[in-house]
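Novice: Before I ask anything, here is the structure I am working with.
Taken together, the values in this text are just the output of simple stated rules run on the coordinates, not laboratory data. Values in this document were obtained by computation on a predicted structure and should not be read as measured data. Every residue, glycine as well, gets a Cβ built from its backbone with ideal geometry; the counts of neighbours run over all protein chains shown.
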Amino acid sequence: MTVNDDYAMTIDGKAVLSEKVIKVINPANGKIFAEAPDCSAEQLDEAVTAAQSAFRNWRDTPIKERQAMVRKAGDLLIEHAAELSRLFTREQGRPVDAAAMEIQGAGTWMHAVAEMTPPVHVSADTETEFVETRYVPLGVICAIAPWNFPVNLAMWKVAPALVAGNTMVLKPSPFTPLCTLKIGQLLNGIFPPGVFNVISGGDDLGPMMTSHPGFAKISFTGSTATGKRVMQSASKGLKRLTLELGGNDAAIVMPDVDLDEVAAKIFFGAFFNTSQICVATKRLYVHEIIYEDLRDRLAAIAEATRVGDGTEQGTALGPIQNQRQYERVLDLMKDARDTELTMIQGSAVPKNGGYFIPITIVDNPPEDSRVVQEEAFGPILPMLKFSDIDDVIERANNSDYGLAGAIWSKDTDKAMEIARRIETGTVWINQNLMLRPDTAFGGHKQSGFGVENGMDGLLEYMAPQAVYLAR
Ligand code: NAD
């Protein structure tokens, strides 16, 4: 097996291979099925230099033209979603239909971002002076993406950064580089050479990028632990930063809900993408009056949900994406077993070397157990009882994370009031996992800072510039 041109990097408008390679594993069977380039330090330099020189023209390209190109990029993603989705499933694990939805969704997201134009604020316009504040691009963006939504979360960076007039070097996770490399090549015909570069590599490449002096800003999505390293590295060059990090999201289920209506939605919010979602429900607080009823319904759904190879018909949930994460989740399960917590498991999973874990509900564990306190990022959901609303809000907020949360109740006024007391960047009421391209998304506390999406997200890729004109 050799690196084929299909999985080349895109540097300065050219398809580029490298001397070394990284291996890509199909998580549904644990076997290597492809190789991707392992970008060298020299190749990183080339990508940054190309992006720096492309910046000069791209910055001065009228925004309407930049928007049109980003819109076209969205078209191409939508056009190629079905074809890319099979590759997505092989590298990421998620079933094919849901994989196609992510790629298509990334395309429509790009369309929405392509409609955005940064504002200009005029603060004085008199006979003697004119003062305006406009927004200017920053330079070359270092974009680093995770493996759980590899296409979507990368395009959340690409679209606003390029509309804003920056150029970019994007690095996917070493676990899921292939679709992103393909997209680099696909979009290559649209953007001028050097505007959008895609490189891939192993664990060394991220730190090499964040310490590279040629970047003006780092936009990072990944774990809180890595985010801290990125911040430390960025501080040397005082690079601008957006950090979208981990979460341990709480959902609060009030006693007045209609369980027939909400059980499946709550299940989806906790287990979609095999729970590998930064904003998945990771702690489920349920009022004691309905606790057993909801628990039994969730257990029944878990039993009826097929976990397996995402390329097979009927599979609802795929494997854990990589061995490292698989072992992390297994370790949490072991801890739950060792501390004699009650675990309810769903349907059996394949035993074929793939990274499969059965859907697991932990029945009312102590608040201080590891499965409650840590971000599992896998299908092991602690379900906890509450009786008092002030107490449960305190428990929900008692976390270093502050990404998102959900409240389930028929009393929406009351739910809005509870939402105001939840210390997270996003709060859902009677729904979950819903995000919009025109609405800011970001974490509080150690879930990160800066935001993506919405006008706020676009302006993260720009700096205000005040112009004072004496008349
Ligand atoms: P990770 O932090 O291990 O890796 C993320 C990316 O950082 C990868 O591309 C990796 O190669 C790179 N990287 C690793 N070490 C680096 C370093 N020292 N310097 C620079 N880059 C480095 O995260 P992951 O396991 O890929 O993703 C899962 C985590 O991401 C979870 O914690 C999840 O909650 C979080 N996440 C957050 C959001 C959000 O928007 N807030 C979205 C998705 C995932």
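Novice: For the residue pair D400 and Q232, what label-to-label distance in nm results when each label sits 7 Å from Cα along the Cα-to-beta-carbon direction?
Specialist: 1.3 nm
Novice: Taking only the alpha-carbon atoms of the stretch 365-404, what semi-axes of the equivalent ellipsoid follow from 5 times the gyration tensor eigenvalues under a square root, in whole Å, largest first?
Specialist: In descending order, the three semi-axes are 18, 13, 9 Å.
Novice: Let me ask another. If the cut-off is 17 Å between C-alpha atoms, which aspartates and glutamates fall inside it for K334, apart from same-chain ones fewer than 8 positions away?
Specialist: Those aspartates and glutamates meeting the cut-off are D363, D368, E374, E375.
Novice: If N is the number of residues in the stretch 342-444, what value comes out of its Cα radius of gyration divided by 2.2 N^0.38 Å?
Specialist: For the stretch 342-444, the normalised Cα radius of gyration is 1.25.
Novice: Which whole-Hz ³J(HN,Hα) couplings does the stretch 54-69 yield from phi under the Karplus relation 6.51 cos²θ - 1.76 cosθ + 1.60, θ = phi - 60°, glycine and proline marked x?
Specialist: Karplus values, whole Hz, x for Gly and Pro: 5, 4, 4, 7, 5, 4, 8, 6, x, 4, 4, 6, 5, 4, 4, 5.
Novice: Compute the long axis of helix 259-271 from its Cα atoms, compare it with the longest principal axis of the Cα atoms of the chain, and write down the angle in degrees, 0 to 90, nearest 10.
Specialist: 50 degrees
Novice: For the stretch 1-121, what is the relative contact order in percent, using Cα pairs closer than 8 Å and at least 6 residues apart in sequence? The partial results should precede the final answer.
Specialist: Details: 129 pairs, mean separation 26.3, N = 121.
Averaging sequence separation for qualifying contacts and normalising by length gives 22 percent for the stretch 1-121.
Novice: What translational diffusion coefficient, in µm²/s and rounded to a whole number, does the Stokes-Einstein relation yield for the chain at 25 °C and a viscosity of 0.890 mPa s, taking the hydrodynamic radius as the Kirkwood radius over Cα pairs? Could the numbers behind the result be given before it?
Specialist: On the way: Rh = 23.1 Å.
It diffuses with D of about 106 µm²/s by this estimate.
Novice: Let me ask another. Order by neighbour count: V349, V230, fewest other Cβ atoms within 10 Å first, most last.
Specialist: Details: V349 19, V230 24.
So the residues, fewest neighbours to most, are V349, V230.
Novice: Now, a different point. Could you tell me what a quarter of the Cα convex hull surface of the stretch 28-130 works out to, in nm² with one decimal place?
Specialist: Working: hull surface 43.5 nm².
Computed as one quarter of the Cα hull surface, the answer is 10.9 nm².
Novice: Treating cross-link reach as a plain straight distance, find the aspartates and glutamates whose alpha-carbon is under 12 Å from the alpha-carbon of K182, omitting any fewer than eight places away in the same chain.
Specialist: D5, D6, E83
Novice: For the stretch 395-471, what is the relative contact order in percent, using Cα pairs closer than 8 Å and at least 6 residues apart in sequence?
Specialist: Contact order relative to length: 27 percent.
Novice: Once Lys and Arg get +1 and Asp and Glu get -1 on their Cβ, which of V262, S275, Q431 lies farthest toward the positive end of the dipole of the chain?
Specialist: Selected residue: S275.
Novice: What are the lysines whose alpha-carbon lies under 23 Å from the alpha-carbon of K217, with same-chain residues fewer than 8 places away excluded?
Specialist: K157, K171, K228, K236, K239, K445
Novice: Follow-up. Output ³J(HN,Hα) for the stretch 306-317: one whole-Hz value per residue in order, computed from phi by the Karplus curve 6.51 cos²θ - 1.76 cosθ + 1.60 with θ = phi - 60°, and x for Gly and Pro.
Specialist: For the stretch 306-317, the Karplus curve yields 8, 9, x, 5, x, 7, 8, 4, x, 6, 9, 10 Hz.
Novice: In addition: The stretch 316-376 to the stretch 153-168: how many Å between their Cα centroids?
Specialist: What the calculation gives is 36 Å, centre to centre.
Novice: Going by alpha carbons, how many degrees (0 to 90, nearest 10) lie between the helix axis of 96-113 and the longest principal axis of the chain?
Specialist: 40 degrees
Novice: How large is ³J(HN,Hα), in whole Hz, for each residue of the stretch 27-38 in order, when computed from phi with the Karplus curve 6.51 cos²θ - 1.76 cosθ + 1.60 and θ = phi - 60°, using x for Gly and Pro?
Specialist: Listing the rounded values in order: x, 7, 9, x, 9, 5, 10, 7, 10, 10, x, 10 Hz.
Novice: Starting with the fewest neighbours, write out E35, E374, E127, E91 ranked by other beta-carbon atoms found within 10 Å of each beta-carbon.
Specialist: E127, E374, E35, E91
Novice: Helix 178-187 against the longest principal axis of the chain: what's the angle in degrees, Cα atoms only, rounded to the nearest 10?
Specialist: For helix 178-187, the angle is close to 30 degrees.
Novice: When the helices in the chain are scored as -39500 (n - 2.57) per DSSP H run of 4 or longer and the sum is shared across all residues, what 222 nm value do you end up with, to the nearest 500 deg cm²/dmol?
Specialist: -12000 deg cm²/dmol
Novice: Counting DSSP beta bridges with both partners in the chain, what percentage is antiparallel, nearest 5?
Specialist: Antiparallel bridges: around 45 percent, rounded to the nearest 5.
Novice: Next question. Would you mind counting up the charge near V262? Only other residues with Cβ under 13 Å from its Cβ, with Lys and Arg at +1 and Asp and Glu at -1.
Specialist: Here the count lands on -2.
Novice: Before anything else, pin down the relative contact order of the chain: Cα pairs under 8 Å, at least 6 apart, normalised by residue count, whole percent. Before the final figure, lay out each step's value.
Specialist: Numbers: 1099 pairs, mean separation 87.7, N = 471.
Across the chain, relative contact order equals 19 percent.
Novice: Please arrange T226, T342 by counting, for each residue, the other beta carbons lying within 10 Å of its beta carbon, fewest first.
Specialist: Numbers: T226 19, T342 10.
With the sparsest Cβ surroundings first, the list reads T342, T226.
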